[in-house]
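Enquirer: Here's a structure for you.
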Amino acid sequence: MRLFIDFVPVLVWALLAIALVAIMLLASWVLRPHILQNSDKTSSYECGEEPVGTAAVAFPYSYFLYTVLFVIVDVMGAFLWLLSVSPLRISEVIVWQTFVFVVLIVLGIAFALHMLPQTLLDGKETLRLYRESKAAREQHDSGVQV
Amino acid sequence: MIPLSWYLVVAFVMIGLGAYGMVTKRNLIRILIGAEIMGNGVNIALVAFSLYNPVFSFTGQGLIILVISVTAAHTALALVLMLMYQTRYSTVDLGEPVTVEARKSD
Amino acid sequence: MLMQEFEALFEEVEFVVIAVVVLLLAYLALEHREIVYSVFFFGFMAASVAGFYLLLEAPFIAGMQIAVYTGGISALIIFGVLLLPRAQGSSLEVLQTPRMRRIGMILSATVMTLSAVLALVFPWSQSFPADRPPIAQDLAGLAAWLWGEHGIYVQLVALMMLTAVIGSVAILKMEKTEKLSPLKDRPGLGSRGKENEGASETKAHDEEHQDAKEAGTQ
(Lines give C-alpha, C1' and ligand atoms only; values in the text may rest on other atoms or scores of the structure.)
Protein backbone atom coordinates (compact mmCIF):
# COMPACT_ATOMS: atom_id res chain seq x y z
CA MET A 1 0.00 0.00 0.00
CA ARG A 2 1.47 3.30 -1.02
CA LEU A 3 1.53 6.08 1.50
CA PHE A 4 -0.39 8.64 -0.50
CA ILE A 5 -3.31 6.22 -0.83
CA ASP A 6 -3.39 5.94 2.95
CA PHE A 7 -3.53 9.69 3.23
CA VAL A 8 -6.51 10.24 0.93
CA PRO A 9 -8.82 10.89 3.92
CA VAL A 10 -6.44 13.69 4.97
CA LEU A 11 -6.67 15.15 1.48
CA VAL A 12 -10.48 15.04 1.60
CA TRP A 13 -10.35 16.65 5.03
CA ALA A 14 -8.08 19.45 3.79
CA LEU A 15 -10.36 20.12 0.82
CA LEU A 16 -13.34 20.24 3.18
CA ALA A 17 -11.51 22.73 5.42
CA ILE A 18 -10.69 24.97 2.45
CA ALA A 19 -14.27 24.76 1.20
CA LEU A 20 -15.61 25.58 4.66
CA VAL A 21 -13.51 28.74 4.90
CA ALA A 22 -14.48 29.80 1.38
CA ILE A 23 -18.17 29.20 2.04
CA MET A 24 -18.07 31.13 5.32
CA LEU A 25 -16.32 34.12 3.75
CA LEU A 26 -18.70 34.10 0.80
CA ALA A 27 -21.76 33.79 3.06
CA SER A 28 -20.64 36.67 5.26
CA TRP A 29 -20.04 38.76 2.14
CA VAL A 30 -23.53 37.95 0.84
CA LEU A 31 -25.33 38.44 4.14
CA ARG A 32 -23.68 41.57 5.48
CA PRO A 33 -25.07 45.03 4.70
CA HIS A 34 -22.95 46.80 2.11
CA ILE A 35 -22.65 50.27 3.58
CA LEU A 36 -20.15 52.87 2.51
CA GLN A 37 -16.62 52.62 3.82
CA ASN A 38 -15.69 55.87 5.51
CA SER A 39 -12.75 56.92 7.63
CA ASP A 40 -14.48 55.86 10.84
CA LYS A 41 -15.04 52.37 9.52
CA THR A 42 -11.48 51.84 8.31
CA SER A 43 -9.63 53.36 11.26
CA SER A 44 -8.07 51.06 13.82
CA TYR A 45 -10.42 50.35 16.72
CA GLU A 46 -9.78 52.19 19.93
CA CYS A 47 -12.86 52.29 22.11
CA GLY A 48 -14.20 55.82 22.17
CA GLU A 49 -10.79 57.37 21.61
CA GLU A 50 -9.23 59.12 18.67
CA PRO A 51 -6.67 56.64 17.32
CA VAL A 52 -3.12 57.93 17.40
CA GLY A 53 -0.79 56.75 14.68
CA THR A 54 -1.04 53.46 12.82
CA ALA A 55 -1.68 50.02 14.26
CA ALA A 56 1.84 48.88 13.35
CA VAL A 57 3.93 49.82 16.36
CA ALA A 58 7.27 48.49 17.57
CA PHE A 59 7.07 45.92 20.34
CA PRO A 60 9.92 45.17 22.74
CA TYR A 61 12.36 42.79 21.10
CA SER A 62 12.45 40.46 24.09
CA TYR A 63 9.15 38.90 23.02
CA PHE A 64 11.09 37.29 20.22
CA LEU A 65 12.82 35.06 22.75
CA TYR A 66 9.56 33.24 23.46
CA THR A 67 9.25 32.26 19.79
CA VAL A 68 12.82 30.96 19.76
CA LEU A 69 12.00 28.86 22.82
CA PHE A 70 8.89 27.52 21.09
CA VAL A 71 10.85 26.47 18.00
CA ILE A 72 13.44 24.70 20.11
CA VAL A 73 10.82 22.71 22.00
CA ASP A 74 9.21 21.96 18.63
CA VAL A 75 12.42 20.42 17.27
CA MET A 76 12.96 18.50 20.50
CA GLY A 77 9.43 17.13 20.26
CA ALA A 78 10.03 15.97 16.68
CA PHE A 79 13.17 14.06 17.66
CA LEU A 80 11.48 12.45 20.66
CA TRP A 81 8.50 11.56 18.47
CA LEU A 82 10.81 9.62 16.15
CA LEU A 83 12.27 7.81 19.14
CA SER A 84 8.89 7.00 20.64
CA VAL A 85 7.67 5.03 17.60
CA SER A 86 10.68 2.69 17.56
CA PRO A 87 11.44 -0.34 19.74
CA LEU A 88 14.91 1.14 20.36
CA ARG A 89 13.87 3.08 23.41
CA ILE A 90 14.30 0.15 25.80
CA SER A 91 18.06 -0.01 25.16
CA GLU A 92 20.22 1.45 27.88
CA VAL A 93 22.48 3.50 25.61
CA ILE A 94 19.47 5.16 24.00
CA VAL A 95 18.07 6.07 27.41
CA TRP A 96 21.31 7.85 28.32
CA GLN A 97 21.41 9.58 24.92
CA THR A 98 17.87 10.81 25.38
CA PHE A 99 18.74 12.00 28.87
CA VAL A 100 21.71 14.06 27.63
CA PHE A 101 19.66 15.44 24.72
CA VAL A 102 16.79 16.58 26.93
CA VAL A 103 19.13 17.98 29.59
CA LEU A 104 21.04 20.05 27.02
CA ILE A 105 17.85 21.61 25.64
CA VAL A 106 16.35 22.19 29.07
CA LEU A 107 19.60 23.92 30.07
CA GLY A 108 19.14 26.26 27.13
CA ILE A 109 15.55 27.03 28.10
CA ALA A 110 16.54 27.59 31.73
CA PHE A 111 19.33 29.94 30.68
CA ALA A 112 16.95 31.93 28.49
CA LEU A 113 14.33 32.23 31.22
CA HIS A 114 17.01 33.18 33.73
CA MET A 115 18.44 35.90 31.49
CA LEU A 116 15.09 37.20 30.20
CA PRO A 117 14.70 39.93 32.87
CA GLN A 118 18.16 41.23 31.98
CA THR A 119 17.23 41.78 28.34
CA LEU A 120 14.34 44.07 29.29
CA LEU A 121 14.68 47.65 30.46
CA ASP A 122 13.54 47.92 34.07
CA GLY A 123 11.82 50.99 35.54
CA LYS A 124 14.95 52.84 36.65
CA GLU A 125 16.66 52.44 33.29
CA THR A 126 13.56 53.53 31.39
CA LEU A 127 13.39 56.65 33.56
CA ARG A 128 17.05 57.38 32.90
CA LEU A 129 16.65 57.01 29.13
CA TYR A 130 13.59 59.26 29.26
CA ARG A 131 15.49 61.95 31.18
CA GLU A 132 18.41 61.77 28.77
CA SER A 133 16.25 62.09 25.70
CA LYS A 134 14.30 64.93 27.31
CA ALA A 135 17.52 66.79 28.14
CA ALA A 136 18.80 66.26 24.60
CA ARG A 137 15.53 67.49 23.14
CA GLU A 138 15.54 70.62 25.30
CA GLN A 139 19.13 71.27 24.34
CA HIS A 140 18.21 70.88 20.70
CA ASP A 141 15.16 73.17 21.00
CA SER A 142 17.10 75.93 22.77
CA GLY A 143 19.79 75.66 20.10
CA VAL A 144 17.19 76.15 17.40
CA GLN A 145 15.68 79.18 19.13
CA VAL A 146 19.06 80.89 19.54
CA MET B 1 5.94 5.33 -10.24
CA ILE B 2 6.90 8.89 -11.03
CA PRO B 3 10.34 9.25 -12.67
CA LEU B 4 13.04 10.96 -10.66
CA SER B 5 13.41 13.83 -13.12
CA TRP B 6 9.96 15.23 -12.24
CA TYR B 7 11.03 15.85 -8.67
CA LEU B 8 14.33 17.32 -9.84
CA VAL B 9 12.47 19.72 -12.15
CA VAL B 10 10.37 21.00 -9.23
CA ALA B 11 13.50 21.24 -7.08
CA PHE B 12 15.47 23.31 -9.58
CA VAL B 13 12.55 25.62 -10.30
CA MET B 14 12.24 26.24 -6.56
CA ILE B 15 15.99 26.88 -6.27
CA GLY B 16 15.77 29.37 -9.15
CA LEU B 17 12.78 31.15 -7.60
CA GLY B 18 14.58 31.42 -4.27
CA ALA B 19 17.70 32.79 -5.95
CA TYR B 20 15.58 35.34 -7.81
CA GLY B 21 14.00 36.44 -4.53
CA MET B 22 17.34 36.65 -2.75
CA VAL B 23 18.98 38.71 -5.49
CA THR B 24 16.31 41.19 -6.54
CA LYS B 25 14.55 42.05 -3.27
CA ARG B 26 15.43 44.86 -0.88
CA ASN B 27 13.43 43.76 2.14
CA LEU B 28 15.51 41.66 4.57
CA ILE B 29 12.56 39.45 5.53
CA ARG B 30 11.79 38.71 1.90
CA ILE B 31 15.40 37.72 1.33
CA LEU B 32 15.07 35.30 4.23
CA ILE B 33 11.89 33.86 2.66
CA GLY B 34 13.82 33.39 -0.60
CA ALA B 35 16.54 31.48 1.25
CA GLU B 36 13.94 29.24 2.87
CA ILE B 37 12.37 28.48 -0.53
CA MET B 38 15.79 27.49 -1.88
CA GLY B 39 16.30 25.22 1.11
CA ASN B 40 12.95 23.56 0.51
CA GLY B 41 13.91 22.81 -3.09
CA VAL B 42 17.16 21.18 -1.96
CA ASN B 43 15.26 19.10 0.61
CA ILE B 44 12.88 17.79 -2.07
CA ALA B 45 15.83 16.74 -4.26
CA LEU B 46 17.56 14.94 -1.37
CA VAL B 47 14.45 13.01 -0.32
CA ALA B 48 13.81 12.04 -3.97
CA PHE B 49 17.35 10.65 -4.26
CA SER B 50 16.92 8.75 -1.02
CA LEU B 51 13.81 7.02 -2.40
CA TYR B 52 15.26 6.13 -5.80
CA ASN B 53 18.64 4.85 -4.62
CA PRO B 54 18.78 2.10 -2.01
CA VAL B 55 22.28 3.16 -0.93
CA PHE B 56 20.78 6.32 0.44
CA SER B 57 17.77 4.65 1.98
CA PHE B 58 17.93 6.17 5.44
CA THR B 59 20.84 8.54 4.94
CA GLY B 60 18.78 10.96 2.87
CA GLN B 61 15.91 11.08 5.31
CA GLY B 62 18.19 11.38 8.32
CA LEU B 63 20.08 14.21 6.65
CA ILE B 64 16.80 16.02 5.99
CA ILE B 65 15.89 15.76 9.67
CA LEU B 66 19.20 17.38 10.60
CA VAL B 67 18.84 20.03 7.88
CA ILE B 68 15.37 21.04 9.09
CA SER B 69 16.65 21.39 12.67
CA VAL B 70 19.59 23.51 11.57
CA THR B 71 17.22 25.66 9.47
CA ALA B 72 15.11 26.36 12.55
CA ALA B 73 18.20 27.42 14.51
CA HIS B 74 19.63 29.66 11.81
CA THR B 75 16.30 31.33 11.07
CA ALA B 76 16.04 32.31 14.72
CA LEU B 77 19.54 33.79 14.70
CA ALA B 78 18.97 35.55 11.37
CA LEU B 79 15.86 37.27 12.68
CA VAL B 80 17.64 38.36 15.87
CA LEU B 81 20.38 39.85 13.70
CA MET B 82 17.70 41.70 11.69
CA LEU B 83 16.40 43.17 14.95
CA MET B 84 19.92 44.40 15.67
CA TYR B 85 20.20 45.83 12.15
CA GLN B 86 17.01 47.78 12.71
CA THR B 87 18.16 49.24 16.03
CA ARG B 88 21.52 50.20 14.62
CA TYR B 89 20.54 51.67 11.25
CA SER B 90 16.75 52.14 11.80
CA THR B 91 15.93 50.45 8.50
CA VAL B 92 15.59 46.94 7.12
CA ASP B 93 16.09 48.09 3.55
CA LEU B 94 19.24 46.78 1.92
CA GLY B 95 18.92 49.33 -0.88
CA GLU B 96 19.33 52.22 1.54
CA PRO B 97 22.94 53.22 2.17
CA VAL B 98 24.16 53.14 5.77
CA THR B 99 27.30 54.81 6.99
CA VAL B 100 29.90 52.81 8.83
CA GLU B 101 32.65 55.37 9.24
CA ALA B 102 31.28 56.36 12.63
CA ARG B 103 32.16 52.88 13.90
CA LYS B 104 35.86 53.39 13.19
CA SER B 105 36.27 56.02 15.91
CA ASP B 106 35.50 53.55 18.72
CA MET C 1 -4.51 -4.46 -12.84
CA LEU C 2 -7.06 -1.74 -13.26
CA MET C 3 -6.37 -0.74 -9.68
CA GLN C 4 -2.66 -0.32 -10.42
CA GLU C 5 -3.32 1.84 -13.46
CA PHE C 6 -5.65 3.98 -11.42
CA GLU C 7 -3.01 4.25 -8.71
CA ALA C 8 -0.33 5.40 -11.17
CA LEU C 9 -2.66 7.95 -12.72
CA PHE C 10 -3.70 9.21 -9.30
CA GLU C 11 -0.05 9.60 -8.27
CA GLU C 12 0.78 11.65 -11.37
CA VAL C 13 -2.27 13.87 -10.97
CA GLU C 14 -1.46 14.42 -7.32
CA PHE C 15 2.16 15.29 -8.14
CA VAL C 16 1.14 17.83 -10.77
CA VAL C 17 -1.43 19.46 -8.49
CA ILE C 18 1.01 19.72 -5.59
CA ALA C 19 3.76 21.07 -7.87
CA VAL C 20 1.48 23.77 -9.28
CA VAL C 21 0.29 24.77 -5.80
CA VAL C 22 3.82 24.87 -4.37
CA LEU C 23 5.30 26.91 -7.20
CA LEU C 24 2.36 29.33 -7.26
CA LEU C 25 2.59 29.87 -3.48
CA ALA C 26 6.38 30.32 -3.67
CA TYR C 27 5.93 32.95 -6.40
CA LEU C 28 3.26 34.73 -4.37
CA ALA C 29 5.44 34.62 -1.24
CA LEU C 30 8.15 36.45 -3.15
CA GLU C 31 6.01 38.89 -5.11
CA HIS C 32 2.99 39.82 -2.98
CA ARG C 33 3.11 43.46 -1.95
CA GLU C 34 2.08 42.93 1.68
CA ILE C 35 4.88 41.27 3.62
CA VAL C 36 2.45 39.71 6.12
CA TYR C 37 0.51 38.01 3.33
CA SER C 38 3.71 36.73 1.78
CA VAL C 39 4.80 35.17 5.08
CA PHE C 40 1.45 33.37 5.26
CA PHE C 41 1.90 32.21 1.67
CA PHE C 42 5.30 30.86 2.67
CA GLY C 43 3.70 28.89 5.50
CA PHE C 44 1.12 27.36 3.16
CA MET C 45 3.90 26.54 0.71
CA ALA C 46 5.84 24.70 3.42
CA ALA C 47 2.70 22.73 4.28
CA SER C 48 2.19 21.80 0.62
CA VAL C 49 5.78 20.59 0.29
CA ALA C 50 4.85 17.95 2.89
CA GLY C 51 2.63 16.47 0.15
CA PHE C 52 5.76 15.73 -1.89
CA TYR C 53 7.24 13.88 1.06
CA LEU C 54 4.10 11.78 1.33
CA LEU C 55 4.48 10.89 -2.37
CA LEU C 56 8.12 10.03 -1.65
CA GLU C 57 7.21 7.58 1.14
CA ALA C 58 8.71 9.67 3.93
CA PRO C 59 5.96 10.10 6.52
CA PHE C 60 8.23 11.35 9.30
CA ILE C 61 9.78 14.02 7.09
CA ALA C 62 6.28 15.18 6.13
CA GLY C 63 5.30 15.46 9.79
CA MET C 64 8.50 17.25 10.68
CA GLN C 65 8.09 19.62 7.73
CA ILE C 66 4.64 20.63 8.98
CA ALA C 67 5.70 20.79 12.63
CA VAL C 68 8.93 22.76 12.20
CA TYR C 69 8.48 24.75 8.97
CA THR C 70 4.78 25.60 9.09
CA GLY C 71 4.53 25.64 12.87
CA GLY C 72 7.92 27.01 13.88
CA ILE C 73 9.71 28.90 11.15
CA SER C 74 6.59 30.65 9.81
CA ALA C 75 5.78 31.71 13.36
CA LEU C 76 9.33 33.01 13.74
CA ILE C 77 9.09 35.07 10.56
CA ILE C 78 5.62 36.38 11.49
CA PHE C 79 7.03 37.49 14.84
CA GLY C 80 9.92 39.09 13.01
CA VAL C 81 7.50 41.08 10.85
CA LEU C 82 5.60 42.10 13.99
CA LEU C 83 8.77 43.33 15.67
CA LEU C 84 10.17 45.03 12.55
CA PRO C 85 7.51 47.60 11.65
CA ARG C 86 9.78 49.13 9.06
CA ALA C 87 9.66 45.93 7.04
CA GLN C 88 5.94 46.44 6.43
CA GLY C 89 6.32 49.62 4.39
CA SER C 90 5.23 49.06 0.83
CA SER C 91 7.92 51.48 -0.37
CA LEU C 92 10.40 48.64 0.17
CA GLU C 93 8.74 46.70 -2.63
CA VAL C 94 9.57 49.26 -5.25
CA LEU C 95 12.43 47.85 -7.23
CA GLN C 96 15.74 49.58 -7.53
CA THR C 97 17.07 50.65 -10.87
CA PRO C 98 16.16 48.45 -13.86
CA ARG C 99 19.83 47.69 -14.30
CA MET C 100 20.04 46.08 -10.84
CA ARG C 101 16.90 44.12 -11.65
CA ARG C 102 18.40 42.90 -14.90
CA ILE C 103 21.58 41.79 -13.15
CA GLY C 104 19.48 39.95 -10.58
CA MET C 105 17.47 38.20 -13.26
CA ILE C 106 20.67 37.12 -15.02
CA LEU C 107 22.19 35.79 -11.78
CA SER C 108 19.12 33.81 -10.80
CA ALA C 109 18.77 32.49 -14.36
CA THR C 110 22.37 31.27 -14.13
CA VAL C 111 21.65 29.45 -10.87
CA MET C 112 18.52 27.94 -12.38
CA THR C 113 20.31 26.82 -15.54
CA LEU C 114 23.14 25.21 -13.60
CA SER C 115 20.76 23.28 -11.36
CA ALA C 116 18.66 22.32 -14.40
CA VAL C 117 21.77 20.90 -16.09
CA LEU C 118 22.53 18.98 -12.92
CA ALA C 119 18.97 17.70 -12.74
CA LEU C 120 18.24 16.80 -16.36
CA VAL C 121 21.51 16.31 -18.25
CA PHE C 122 23.48 14.40 -15.65
CA PRO C 123 22.78 10.65 -16.12
CA TRP C 124 21.28 9.92 -12.73
CA SER C 125 19.42 6.85 -13.98
CA GLN C 126 22.66 5.10 -14.95
CA SER C 127 24.26 5.61 -11.58
CA PHE C 128 21.36 3.88 -9.84
CA PRO C 129 20.68 0.16 -9.92
CA ALA C 130 18.01 -0.79 -12.40
CA ASP C 131 15.81 -2.80 -10.07
CA ARG C 132 13.56 -0.69 -7.88
CA PRO C 133 14.34 -0.94 -4.19
CA PRO C 134 11.53 -2.21 -2.00
CA ILE C 135 9.60 0.76 -0.69
CA ALA C 136 10.39 1.05 3.00
CA GLN C 137 8.37 3.50 5.00
CA ASP C 138 9.21 2.16 8.44
CA LEU C 139 9.82 4.73 11.12
CA ALA C 140 11.66 2.15 13.22
CA GLY C 141 14.46 1.89 10.66
CA LEU C 142 14.83 5.65 10.50
CA ALA C 143 14.90 5.84 14.29
CA ALA C 144 17.55 3.12 14.37
CA TRP C 145 19.62 5.07 11.84
CA LEU C 146 19.34 8.37 13.69
CA TRP C 147 19.36 7.41 17.37
CA GLY C 148 21.16 4.08 17.19
CA GLU C 149 23.97 4.40 14.67
CA HIS C 150 24.38 8.16 14.53
CA GLY C 151 23.43 9.23 18.03
CA ILE C 152 26.13 11.89 18.04
CA TYR C 153 24.13 13.88 15.46
CA VAL C 154 21.26 14.16 17.90
CA GLN C 155 23.55 15.60 20.54
CA LEU C 156 24.96 17.98 17.93
CA VAL C 157 21.44 19.19 17.17
CA ALA C 158 20.86 19.74 20.89
CA LEU C 159 24.08 21.75 21.10
CA MET C 160 23.01 23.79 18.08
CA MET C 161 19.67 24.62 19.70
CA LEU C 162 21.55 25.61 22.86
CA THR C 163 23.74 27.88 20.75
CA ALA C 164 20.72 29.47 19.09
CA VAL C 165 19.12 30.28 22.45
CA ILE C 166 22.32 31.62 23.97
CA GLY C 167 23.06 33.65 20.85
CA SER C 168 19.60 35.21 20.83
CA VAL C 169 19.85 36.09 24.53
CA ALA C 170 23.34 37.54 24.10
CA ILE C 171 22.39 39.67 21.10
CA LEU C 172 19.24 40.98 22.77
CA LYS C 173 21.21 41.82 25.92
CA MET C 174 23.83 43.58 23.81
CA GLU C 175 21.07 45.65 22.24
CA LYS C 176 19.83 46.71 25.68
CA THR C 177 23.36 47.62 26.78
CA GLU C 178 23.87 49.76 23.70
CA LYS C 179 20.58 51.48 24.33
CA LEU C 180 21.72 52.42 27.83
CA SER C 181 25.18 53.70 26.84
CA PRO C 182 25.07 54.44 23.11
CA LEU C 183 28.18 54.56 20.99
CA LYS C 184 29.08 58.11 20.08
CA ASP C 185 27.80 59.54 16.80
CA ARG C 186 26.30 56.28 15.80
CA PRO C 187 23.95 56.70 12.85
CA GLY C 188 20.41 55.57 13.23
CA LEU C 189 19.82 55.69 16.98
CA GLY C 190 17.34 58.38 17.91
CA SER C 191 18.35 61.44 15.96
CA ARG C 192 19.77 60.64 12.57
CA GLY C 193 22.18 63.18 11.25
CA LYS C 194 24.04 66.19 12.38
CA GLU C 195 21.99 67.39 15.29
CA ASN C 196 23.66 64.68 17.34
CA GLU C 197 27.11 66.23 17.04
CA GLY C 198 26.77 68.95 19.59
CA ALA C 199 24.58 66.91 21.87
CA SER C 200 26.99 64.07 22.55
CA GLU C 201 29.27 65.99 24.86
CA THR C 202 26.44 67.51 26.81
CA LYS C 203 24.81 64.10 26.99
CA ALA C 204 27.93 62.62 28.56
CA HIS C 205 28.02 65.56 30.92
CA ASP C 206 24.36 65.05 31.82
CA GLU C 207 25.01 61.42 32.47
CA GLU C 208 27.74 62.18 34.98
CA HIS C 209 25.50 64.73 36.57
CA GLN C 210 22.68 62.22 36.80
CA ASP C 211 24.94 59.61 38.33
CA ALA C 212 26.17 62.08 40.90
CA LYS C 213 22.60 62.99 41.77
CA GLU C 214 21.60 59.37 42.15
CA ALA C 215 24.63 58.69 44.32
CA GLY C 216 23.65 61.64 46.44
CA THR C 217 20.13 60.40 47.00
CA GLN C 218 21.14 56.92 47.98
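Enquirer: Carbon-plus-sulfur fraction of the accessible area of chain B, 1.4 Å probe, in percent?
Expert: Working: 2470 of 3480 Å².
Exposed carbon and sulfur together represent 71 percent of the surface.
Enquirer: With a 1.4 Å probe and all protein chains kept in place, how much accessible area does B:W6 have, in Å² rounded to the nearest 10?
Expert: 80 Å²
Enquirer: Which percent of the accessible heavy-atom area of segment A:61-122 goes to carbon and sulfur, probe 1.4 angstrom?
Expert: Working: 2470 of 3230 Å².
The nonpolar share, carbon plus sulfur, comes to 76 percent.
Enquirer: Under 13 Å from the Cβ of C:L142, count the other residues' Cβ atoms, weight Lys and Arg +1, Asp and Glu -1, and hand me the total.
Expert: Values: positive: none; negative: C:E57, C:D138, C:E149.
Every neighbour counted, the sum reads -3.
Enquirer: Mind putting a number on the dipole of chain B about its Cα centre? Charges go on the C-beta only, +1 for Lys and Arg and -1 for Asp and Glu, and I need it in Debye to the nearest 20. It would help to have the intermediate numbers written out before the result.
Expert: Values: 6 positive and 5 negative charges, 12 e Å.
For this selection, approximately 60 debye.
Enquirer: Next question. What net charge is computed for the residues neighbouring B:L81, neighbours being all others with C-beta under 12 Å from the C-beta of B:L81, Lys and Arg scored +1, Asp and Glu -1? Mind showing how you got there, number by number?
Expert: Numbers: positive: B:R88; negative: C:E175.
Local net charge: 0.
Enquirer: I've got another one for you. Using a 1.4 angstrom probe, figure out how much accessible area segment C:7-89 has per residue, in square angstrom, rounded to the nearest whole.
Expert: Numbers: 2850 Å² over 83 residues.
With the other protein chains kept in place, segment C:7-89 gives 34 Å² per residue.
Enquirer: Another one. With a 1.4 Å probe and every protein chain left in place, tell me how much accessible area C:E34 has, in Å² to the nearest 10.
Expert: Using a 1.4 Å probe on the heavy atoms, I get roughly 100 Å².
Enquirer: How much accessible area per residue does segment B:4-104 have, counting only protein heavy atoms and a probe of 1.4 Å, in square angstrom? If you can, show how the numbers build up before the last one.
Expert: Working: 3130 Å² over 101 residues.
Ligands and nucleic acids excluded, the result is 31 Å² per residue.
Enquirer: Considering Cα pairs under 8 angstrom that are at least six residues apart, work out the relative contact order of segment C:7-89 and quote it in whole percent. Kindly include the intermediate steps, with their values, before the conclusion.
Expert: On the way: 68 pairs, mean separation 22.9, N = 83.
Over segment C:7-89, the number comes to 28 percent.
Enquirer: Find the sum over both chains of the accessible area lost when C and A are paired, probe 1.4 Å, and report it in Å² to the nearest 100.
Expert: Working: alone 18360 and 13660 Å², together 26270 Å².
In total, this chain pair buries about 5800 Å².
Enquirer: Now for a separate question. For segment A:59-146, what is the accessible area per residue in Å², given a 1.4 Å probe and the full set of protein chains?
Expert: Accessible area per residue, segment A:59-146: 61 Å².
Enquirer: How big a patch of accessible area, both sides summed and in Å² to the nearest 100, lies buried between C and B at a 1.4 Å probe?
Expert: On the way: alone 18360 and 7700 Å², together 18080 Å².
Chains C and B together bury approximately 8000 Å².
Enquirer: Where in segment C:48-72 does accessible area fall by at least 50 Å² between the isolated chain and the complete protein assembly, at a 1.4 Å probe radius?
Expert: C:Y53, C:L54, C:L56, C:E57, C:F60, C:I61, C:M64, C:V68, C:Y69
The values are calculated or read from the model by the stated rules, or taken from the named source; none is laboratory data. Since we're looking at a predicted model, the values are computed, not measured. Methodologically, a virtual Cβ is constructed for each residue, glycine included, from the backbone with ideal geometry; neighbour enumeration extends over all protein chains shown. Keep in mind that these areas ignore ligands, DNA and RNA; they rest on the heavy atoms of the full protein, side chains included. Shrake-Rupley method; radii C 1.70, N 1.55, O 1.52, S 1.80 Å.
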